[in-house]
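Computed from the coordinates by the stated procedures, all read-outs in this text should not be read as laboratory data. Every value quoted in this text rests on a predicted model; they were computed, and no experiment measured them. In this analysis, Cβ positions are derived from the backbone assuming ideal geometry, glycine residues included, and neighbour counts consider all displayed protein chains.
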Amino acid sequence: MHEFAIASEIVQNVLETAQQNRGGRVLSLDLEVGELAVLNDEQVTFWVQELLKGTVAEGARIRVKRVKGVVGCDDCGRRSRVRGDPRDILAPLSCPRCGSFRVRIERGKECYLRRIQLLR
Amino acid sequence: MKVVKPKGAVILDIELEKDLLQKNRSLAKENRRRFDRLGILAIDVMGSVGSGKTSLIKGILRKLALGERAAVIAGDLTTTIDAERIAEEGARVIQVNTGKECHLDAHLVGQAIEKMNLDGVRILFIENVGNLICPGEFPLGAHKRLVVVSVTEGPYTLMKHPFIFREADVIILNKVDMARAMRVNARDIERDAKRVNPYAPVIRTNALRGRGIGKVIDSLGLEG
């Protein structure tokens, strides 16, 4: 539901960066979205495309890389990749090795704008 | 998009490493520093529409009888209903309307505390927008985060929305007097809570009648 807020933030960063680099058209942008982030990357992409209309970045190619989730277990002390379907919201809530619920999400909640390609 | 590269033009690759959630986190830290400097304990109250967030805050305020030493930031889309209800308890209230945005963020809270007179205030409640998805992802700088769930939401709320409950320091199970009528077993919800967040205590309340409020106050480390 906060995809719009995140998309606005992305667009603002893209346009500022383009301006700072005296760029012309923005050709593409690379996003990285954690699979455990409470974000639907298709919605983010849709809103970014909409918000870029009428700007120097209209029509830019948007690439989204999904980052795998990693949890650390307070009981067995091990770090593990989240297994199973990442859309299963209960998957990251237990340790895949010992089954404990005392886990912390260590990776997979981030949302990054990594790279912009522009023409100058 | 078909781009014709003009003569003499170059393609620039710009690496950014820009974490889009970082801005909110650093503003939240600023809010926290501000609360600490002022000696205020800040509590973020989250939960569904109608879960009983306002009633819970009212119940705590009534029991603590802090008057103007308590303050509340009431977040809502457009109305002032909650702010008016809280003002009845004598606390200072500021209404933050998010318009169409579904959650409070650290920037909105920072603006609100800028506008408020917080002299002498010991406790600040931040009542988030009624929503179980977004508020969890946007820390506000509060010392404690509390999530309210009522039995009238049915038996599955915690399993459907585990992420926000993971952010909770305390989980409030409200309207327990309605459990029977709703055919919901409070114990099942408590069991789900232990699965979703084994670290947070679960406190049963009937906020309207003031039941369990004393335990909530204890769990937040407040003095009655």
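Brief remarks on what is shown
- Complete set of residues in region A:1-33 that are under 18 Å from residue B:23 (Cβ atoms), of a type outside the set (Asp, Glu) and at the interface with chain B (Cβ under 7 Å from one of its Cβ atoms): A:2, A:5, A:6, A:10, A:13, A:17
- Taken over region B:201-211, the criterion of being touching a strand residue (DSSP E or B) at 6+ places or on another chain (Cβ under 6 Å) and touching a residue at least 40 places away in the same chain (Cβ under 8 Å) is satisfied by B:205, B:207.
- Single residue of region A:101-120 satisfying the filter (surrounded by fewer than 20 Cβ atoms within 10 Å (Cβ to Cβ) and within 7 Å of chain B (Cβ to nearest Cβ)) that is farthest from the chain's Cα centre (by Cα): A:120
- Those residues of region A:34-50 which are of a type in the set (S, T, N, Q) and more than 12 Å from chain B (Cβ to nearest Cβ), in sequence order: A:43, A:45
- Per-region count, region A:82-93, residues farther than 30 Å from residue B:13 by Cβ, of a type outside the set (Lys, Arg) and more than 8 Å from chain B (Cβ to nearest Cβ): 6
- Residue match in region B:124-140 (condition: in contact (Cβ under 8 Å) with a residue 12 or more places away in the chain, in a helix (DSSP H, G or I) and surrounded by fewer than 16 Cβ atoms within 10 Å (Cβ to Cβ)): no
- Residues that are closer than 23 Å to residue B:134 by Cβ and assigned to a loop (DSSP other than H, G, I, E, B) within region A:37-60 comprise A:37, A:38, A:39, A:40, listed in sequence order.
- Once region B:146-192 is narrowed to residues that are aromatic (Phe, Trp, Tyr) and buried (at least 19 other Cβ atoms within 10 Å of the Cβ), the residue that is farthest from the chain's Cα centre (by Cα) is B:163.
- Restricting the search to strands (runs of 3 or more DSSP E) fully inside region B:1-95 and requiring at least 3 residues that are loosely packed, with under 15 Cβ neighbours inside 10 Å and within 14 Å of chain A (Cβ to nearest Cβ) gives B:11-19.
- Checking each residue in region B:196-224 for being more than 13 Å from residue B:147 (Cα to Cα), within 14 Å of chain A (Cβ to nearest Cβ) and crowded, with 16+ Cβ neighbours inside 10 Å picks out no residue at all.
- Taking region A:51-81 as the range and being buried (at least 17 other Cβ atoms within 10 Å of the Cβ), under 20 Å from the mean Cα position of the chain (by Cα) and within 13 Å of chain B (Cβ to nearest Cβ) as the test, the residues that pass are A:52, A:57, A:60, A:62, A:67, A:69, A:71.
- Index of the failed condition, residue B:107 passing every other in (1) closer than 24 Å to residue B:38 by Cβ; (2) within 14 Å of chain A (Cβ to nearest Cβ); (3) crowded, with 20+ Cβ neighbours inside 10 Å: (3)
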